[in-house]
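A.B. asks: Mind having a look at this structure? Questions to follow.
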Ligand code: OXD
Ligand code: MN
């Protein structure tokens with residue numbers, strides 16, 4: 001890891017941005033209280049109904065700043081080839097010049113907060129420290145929920161002598177003057193002109209994924225856009241799985257799923273809902289930690305039916321951003337499944353007229369992970385949890401079956417690399433367009449993805465106890481546009497089958513795209529699923545796959561010579577299987 005002198009770096013940030021004062025965060029309750037009170041006073045936060053939502057606060061962001069802005073996100077390195085076609089590129093000097101012009105003097109009249117933060121459990125050999133300076137108290141309180149700030153982080157920095165510095169300045173929150181800059185060669189982040197979580201909570205996407213993935217490649221571990229869950233079997237043994245899904249495709253729901261098979265003794269434990277850092281231990285076992293300490297979840301669609309555990313988690317000590325606010329100061333959003341109330345304010349602060357969405361589709365809650373009723377007893381285990389299966393989730397309304405297993409690790413890498421997803425509201429731009437989102441990392445891989453794929457193949461050679469790799473798709477629809485699979489708690493049935501595979505059950509049949517469950521192998525007890533629906537969920541769509549071939553080839557070709565040979569070998573055998581089918 002790169003080494004910086006903390007005091008010196010903070011001094012340089014202050015010289016550039018000229019804050020009136022500097023506050024070093026210790027992470028104490030008292031500090032949090034002072035920050036919250038200050039924001040309630042100046043209107044940045046609204047105190048919510050403390051009877052129903054104790055410790056909860058409401059924030060409305062600038063309407064121009066409500067989602068990640070991928071077109072303004074850059075990886076800045078000396079060679080363009082190192083960032084690949086998957087990233088926007090800028091030369092580091094040029095990026096800093098542009099950034100400096102916006103940041104210069106931008107904190108005049110404001111306070112600069114210095115937030116030392118730890119990503120990962122305290123005392124974990126896999127944890128890393130960052131330091132974010134910011135002029136946003138809103139960002140500061142969110143960072144306190146999402147990471148471990150203050151003393152434990154400073155101690156880590158003192159012991160290891162290293163941290164990832166991140167300079168964040170709101171400037172005038174103007175999309176014309178917004179830049180999210182990553183410098184993987186220096187392990188440095190600058191985020192400018194935005195207060196939106198995914199852009200401004202630097203521990204999350206900027207450090208844990210973009211800079212993290214670049215460090216992980218160098219050091220031989222993995223930083224992935226994956227939830228981590230424990231699946232408890234009827235004997236009480238817990239098996240851990242990591243799963244990648246594109247943004248806003250139900251990772252939080254899966255991570256907190258209430259099992260439909262709980263009467264049989266199958267249940268889920270939450271370890272993380274967004275990011276997994278995975279290392280190989282001395283025995284050759286892949287182990288995962290959740291680098292975060294909170295959930296920054298999408299609110300719309302969350303309800304006591306779809307995610308009762310999240311609803312329980314966010315009842316207290318939660319910051320709500322861009323949801324709607326009822327007259328009695330409770331949160332509301334589309335899909336919450338309670339009736340909208342009279343006189344409610346929408347996410348822009350206007351009385352809701354019922355014509356447009358009351359909550360922004362990417363409105364969020366920020367809540368401490370420790371409040372989740374099903375948080376795993378192992379979630380802060382310093383050595384992490386052993387991963388026995390990796391799941392890649394597509395978001396496709398056709399072609400891709402409910403679940404399939406890859407033949408082996410390398411085939412699994414190909415399956416992950418060719419994951420397709422229809423876009424969601426988590427990023428600005430058109431919603432519902434299919435794009436390739438390899439390992440759900442397209443917006444988050446901080447270097448050339450061809451090298452990232454190479455790293456995956458490499459890791460496969462080094463991991464002794466290789467997790468099996470699966471693909472799932474909860475989103476397949478019938479010809480008349482209805483979801484074929486109920487999803488949510490019933491997804492446990494798919495996880496159960498996955499575990500049976502891990503344990504060596506012969507419950508599969510071959511198909512041109514991988515192993516799929518034998519008829520009757522999925523536990524559908526108590527479900528009433530018509531045979532035809534099940535057949536449709538697994539129907540091999542030759543034409544669909546064949547149509548995809550050209551597009552996959554085109555996508556893989558964008559990486560040119562840098563693409564590892566293994567990927568093309570996988571593609572050739574996949575193509576041959578589909579054409580022969
Ligand atoms: C997120 C995202 O916020 O992936 O987790 O956009
Ligand atoms: Mn995410």
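Where a number appears in this text, it was derived from the coordinates with a stated rule and is not lab data. Here the structure is a predicted model, which means the values were calculated and not measured. Cβ: placed from backbone, ideal geometry, glycine included. Neighbour counts: every protein chain shown.
A.B. asks: How much of the DSSP beta bridge set in the stretch 165-309 is antiparallel, as a percent to the nearest 5?
C.D. replies: Values: 24 of 28 bridges.
Bridges in the stretch 165-309 that DSSP calls antiparallel: roughly 85 percent.
A.B. asks: Shifting gears a bit: Can you give the FRET efficiency for residue 549 and residue 510, using 1/(1 + (r/R0)^6), R0 = 25 Å, r = Cβ-Cβ distance, to the nearest 0.05?
C.D. replies: Computed FRET efficiency for residue 549 and residue 510: 0.80.
A.B. asks: Further question on the same structure: Determine the percent antiparallel among the DSSP beta bridges restricted to the chain, to the nearest 5.
C.D. replies: 65 percent
A.B. asks: On a 0 to 90 degree scale, rounded to 10, what angle separates helix 491-502 from the longest Cα axis of the chain?
C.D. replies: Between the helix axis and the principal axis of the chain, the angle is about 70 degrees.
A.B. asks: To continue, here is another question. Consider just the alpha-carbon atoms of the stretch 57-160 and return their Rg together with their Dmax, both in angstrom.
C.D. replies: 16.8, 44
A.B. asks: Further question: Go ahead and run the numbers for FRET between residue 519 and residue 315, Cβ-Cβ distance against an R0 of 45 Å, rounding to 0.05.
C.D. replies: For R0 = 45 Å, the calculated efficiency reads 0.55.
A.B. asks: Indicate, rounded to the nearest 5 percent, the antiparallel portion of the DSSP beta bridges found entirely in the stretch 111-200. If you can, show how the numbers build up before the last one.
C.D. replies: Values: 14 of 23 bridges.
Expressed as a percentage, antiparallel bridges in the stretch 111-200 total about 60.
A.B. asks: With each run of n ≥ 4 DSSP H residues scored as -39500 (n - 2.57), what mean residue ellipticity at 222 nm is computed for the chain after dividing by its residue count and rounding to the nearest 500 deg cm²/dmol?
C.D. replies: Result for the chain: -8000 deg cm²/dmol, rounded to the nearest 500.
A.B. asks: Also: Which whole-number percent gives the relative contact order of the stretch 320-420, counting Cα pairs below 8 Å spaced six or more residues apart?
C.D. replies: Numbers: 89 pairs, mean separation 20.8, N = 101.
That works out to 21 percent.
A.B. asks: By count of other Cβ within 10 Å, fewest leading, how are 490, 274, 29, 408 ordered?
C.D. replies: In order of increasing Cβ crowding within 10 Å: 29, 408, 490, 274.
A.B. asks: For 168, 411, what ranking results if the residue with the fewest other Cβ atoms within 10 Å of its Cβ goes first?
C.D. replies: Details: 168 30, 411 18.
Ordered from fewest to most neighbouring Cβ atoms within 10 Å, 168, 411 come out as 411, 168.
A.B. asks: Can you tell me the alpha carbon radius of gyration of the stretch 1-135 divided by the globular rule-of-thumb value 2.2 N^0.38 Å?
C.D. replies: For the stretch 1-135, the normalised Cα radius of gyration comes out at 1.30.
A.B. asks: Can you tell me the FRET efficiency between residue 483 and residue 40 if r is taken as the Cβ-Cβ distance and R0 is 51 Å, rounded to the nearest 0.05?
C.D. replies: 0.75
A.B. asks: Convex hull over the alpha-carbon atoms of the stretch 81-139: what's its volume per residue in Å³?
C.D. replies: Output value, Cα hull per residue: 151 Å³.
A.B. asks: Nearest 10 degrees is fine. How inclined is helix 92-103 to the longest principal axis of the chain, computing both from alpha carbons?
C.D. replies: Once rounded, one gets 50 degrees.
A.B. asks: Another question, then. Using 7 Å Cα-to-Cβ label points, what is the residue 263/residue 172 separation (nm, one decimal)?
C.D. replies: The two pseudo-label positions are separated by 6.4 nm.
A.B. asks: Could I ask something else about it? Given a cut-off of under 8 Å on Cα pairs at least six residues apart, what relative contact order in percent is computed for the stretch 105-264?
C.D. replies: Details: 251 pairs, mean separation 24.4, N = 160.
Worked out over the stretch 105-264, it gives 15 percent.
A.B. asks: Let me ask something additional. Measuring from centroid to centroid over Cα atoms, what is the spacing of the stretch 25-71 and the stretch 249-309 in Å?
C.D. replies: Centre-to-centre (Cα) distance: 25 Å.
A.B. asks: Okay, next question. How far, in degrees from 0 to 90, does helix 565-580 lean away from the longest principal axis of the Cα atoms of the chain, to the nearest 10?
C.D. replies: Between helix and principal axis, roughly 40 degrees.
A.B. asks: Hey, fewest Cβ within 10 Å first, where do 312, 219 land in order?
C.D. replies: If I rank by nearby Cβ atoms, fewest first, I get 219, 312.
A.B. asks: Beta carbons within 10 angstrom, averaged per residue: use that to sort the peptides 193-203, 375-385, 555-565, highest first.
C.D. replies: Answer by packing, highest mean first, reads 193-203, 375-385, 555-565.
A.B. asks: Still on this model: Could you state the number of Å between the C-alpha centres of the stretch 436-489 and the stretch 541-559?
C.D. replies: Answer, in whole Å: 16.
A.B. asks: Which whole-number percent gives the relative contact order of the chain, counting Cα pairs below 8 Å spaced six or more residues apart? If you can, show how the numbers build up before the last one.
C.D. replies: Working: 1289 pairs, mean separation 87.1, N = 581.
Dividing the mean separation by the residue count of the chain yields 15 percent.
A.B. asks: Next question. Semi-axes of the equivalent ellipsoid for the chain, please: Cα gyration tensor eigenvalues, times 5, square-rooted, ordered largest first, whole Å.
C.D. replies: The three semi-axes for the chain are 37, 28, 23 Å.
A.B. asks: Another question, if that's okay. Expressed in nm², what is the orientationally averaged projection area of the convex hull enclosing the Cα positions of the stretch 297-352?
C.D. replies: 3.7 nm²
A.B. asks: Be a star and scan the stretch 543-564 for residues whose amide nitrogen sits under 13 Å from the point 7 Å along the Cα-to-Cβ vector of residue 89.
C.D. replies: Only 559-562 pass the distance filter.
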